[in-house]
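Presented below is the structure to which this report refers.
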Amino acid sequence: MNPIPGNERSIEMVDLAIAFGRGNQRRQVVDQVNMTLARGESYGLIGESGCGKSTLLRALAGLNHDYRGHILFNNREQQPLRDKPFYRQVQMVFQDPYASLHPRKMVWASLREPLKLHGMDRHEARISEVLHAVGLSDAFRYRYPHQLSGGQRQRVAIARALILEPSVLLLDEPTSALDVSVQAEILNLLSRMRQQRNLTYLLVTHDLAVVTHLCERVGIMHHGKLLEELSAERLRRGEADESYTREFLAASVA
Ligand SMILES: Nc1ncnc2c1ncn2[C@@H]1O[C@H](COP(=O)(O)OP(=O)(O)OP(=O)(O)O)[C@@H](O)[C@H]1O
Ligand SMILES: [Mg+2]
């Protein structure tokens, strides 16, 4: 039984499966995953390196069309090739903002691009608003990515995701490339944005402090499977049902 009522579901995966390679090289990287995110919820996804977290996020985001099973958004089944409204509503933020921003585009041009693509109005006003929302002054419009600090670059990447007024952010280790001092600022920003904009987060991280700071619920992946789900509260207390999870938590804290 799915504990989240239908009218409150944002993202839902049913028997999601993703494999790579052919013949005897074929490997199941995401294996029959069932997961539901309530609207406005922040869900953390943890698990060891290579267990399939990024692969799952990419399939959800519509960046990889080669999957089995079902992906639903706002209760509607999505086709592997998503429609344009989906790409506006569901935005991804990556670990390395350098890779997600065009090196030869000034901030304003990177922010205007998605607006043009989605036929949105009020470009100048939206750019100012979103820069302000992520804590950057208007002067940052005229910077190139290499003229920004790591934290400022991630703010621009978050602004780029937010400018389309999405309802879901898929965040793949959004703070792990940053200095510890900057990580907290970005986490606070993400937390504030979620409250103000009623966003749903699916956040991949290897940092348990990030999960407990930002998420209400946590899923633990192991070899492509969703091993178990816990409230952040139970995670904090180390109360997992699966012995693998308890070992993973103990190793992560050490
Ligand atoms: N396009 C691809 N082709 C073949 N194998 C892939 C591809 N993408 C990912 N993989 C493999 O799938 C497995 C899961 O990768 P994935 O990037 O999802 O792991 P992850 O859980 O995000 O790990 P990390 O915590 O290190 O980021 C890895 O073994 C990886 O090598
Ligand atoms: Mg990854």
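The values are calculated or read from the model by the stated rules, or taken from the named source; none is laboratory data. Every value quoted in this text rests on a predicted model; they were computed, and no experiment measured them. Neighbour counts run over all protein chains shown; Cβ positions are idealised from the backbone, glycine included. To get the accessible areas, we keep the full protein, side chains included, count just its heavy atoms, and leave off ligands, DNA and RNA. Shrake-Rupley method; radii C 1.70, N 1.55, O 1.52, S 1.80 Å.
Within the stretch 30-57, being more than 16 Å from ligand 2 (Cβ to nearest atom), on the phi > 0 side of the Ramachandran plot and either part of a loop (DSSP other than H, G, I, E, B) or open to solvent by less than 10 Å² (accessible area, probe 1.4 Å) (or both) holds for one residue alone: GLY40.
Taking the criterion of being under 30 Å from ALA159 (Cβ atoms), aliphatic (A, V, I, L, M) and within 16 Å of ligand 2 (Cβ to nearest atom), the only residue of the stretch 219-250 that qualifies is MET221. For the stretch 75-125, the set of residues classified as part of a helix (DSSP H, G or I), closer than 21 Å to GLY151 by Cα and in contact (Cβ under 8 Å) with a residue 40 or more places away in the chain consists of PRO97, TYR98, SER100, VAL107, SER110, LEU111, listed by residue number.
Remark: pairs (first residue in the stretch 41-55, more than 13 Å from THR200 (Cβ to Cβ) and without any contact (Cβ under 8 Å) to a residue 24 or more places away in the chain; second residue open to solvent by 10 Å² or more (accessible area, probe 1.4 Å) and of a type in the set (A, V, I, L, M, F, W, C); Cβ separation under 9 Å; 6+ apart in sequence or on different chains) = GLY50/VAL29. Residues in the stretch 156-184 that are more than 27 Å from ALA251 (Cβ to Cβ) and surrounded by fewer than 16 Cβ atoms within 10 Å (Cβ to Cβ): GLU165 alone. Applying the condition of being small (Gly, Ala, Ser) and touching a Leu at 6+ places or on another chain (Cβ under 9 Å) to the stretch 150-185 and asking which residue is nearest to CYS215 (Cα to Cα) yields SER167. The set of residues from the stretch 4-52 being charged (D, E, K, R) and either closer than 30 Å to SER191 by Cβ or more than 16 Å from ligand 1 (Cβ to nearest atom) (or both) comprises GLU8, ARG9, GLU12, ASP15, ARG39, GLU41, GLU48.
The single condition among (1) among the polar types (S, T, N, Q); (2) closer than 30 Å to LEU136 by Cβ; (3) surrounded by fewer than 20 Cβ atoms within 10 Å (Cβ to Cβ) that ASN64 does not meet is (2). Going by the conditions given, is ALA109 surrounded by 13 or more Cβ atoms within 10 Å (Cβ to Cβ) and under 17 Å from the mean Cα position of the chain (by Cα)? No; evaluated as a whole, the condition is false for this residue.
Being more than 16 Å from ligand 1 (Cβ to nearest atom), within 23 Å of ILE11 (Cβ to Cβ) and buried (at least 17 other Cβ atoms within 10 Å of the Cβ) holds for only one residue in LEU148, LEU190, and it is LEU190.
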